[in-house]
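**Q** The structure that follows is given in the form of C-alpha cells.
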Amino acid sequence: MSADRREFLRQATVVAAALGARAVPLTAQPRSSTMPTARASGLIAAFGLRYPIFCAGMGAASTPELAIAVSNGGGLGAIGIGSGAPSADVVRQRVSRTKSGTSRPFAVN
C-alpha cells in the first residue's frame, strides 16, 4: 500500500471516528490485492479521481462538508438531498456550499 493511500486511509479513519463510526484497521484489505484494479482504474479515469472512493448520497447524512472532504481527499464526494424533497432553494444552497469548498467533482443525490 502506498504512503499516499495509507495517509488517506488514516485521515478517513479520523473523520469516521469523529462522525461516530468504528475504525476499520488498515490490515482489513489483503496485501496480495493489486490496486488499483482494472475496474477501479476505469472509474478513476472516468471521474478524474485520485482514489476509487465514492461517497454515497445518504440523505441528510451526506452534508456538503462531507462531500467537500471526500472530493478534496481524491474521491468522489456526494451531497444528499434528504427525505421529504427539500425546496429548490435548499438544494441550490447545498450545491453552492459544496462548490465553494472544492474544485473537484462531486455528485448530488
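Coordinate-derived values only; no laboratory data. All of these numbers come straight from a predicted model, not from anything done at the bench. Counting neighbours? That spans all protein chains shown, and the Cβs are built from the backbone with ideal geometry, glycine included.
**Q** Could you tell me the relative contact order of segment 34-108? Use alpha-carbon pairs under 8 Å, at least six residues apart, and round to a whole percent.
**A** 30 percent
**Q** Further question: Among residues other than residue 71 whose Cβ falls under 12 Å from its Cβ, what is the net charge (Lys/Arg +1, Asp/Glu -1)? Don't jump to the answer; show the numbers that get you there.
**A** Working: positive: 50, 99, 104; negative: 65.
Net charge in that neighbourhood comes out at +2.
**Q** Would any residue of segment 66-80 have its amide N under 11 Å from a label point 7 Å out along Cα→Cβ of residue 4? List them or say none.
**A** Hits in segment 66-80 for residue 4 at 11 Å: 74.
**Q** Can you compute the FRET efficiency between residue 97 and residue 38 using 1/(1 + (r/R0)^6), with r the Cβ-Cβ distance and R0 = 41 Å? Round to the nearest 0.05.
**A** The formula returns an efficiency of 0.70 here.
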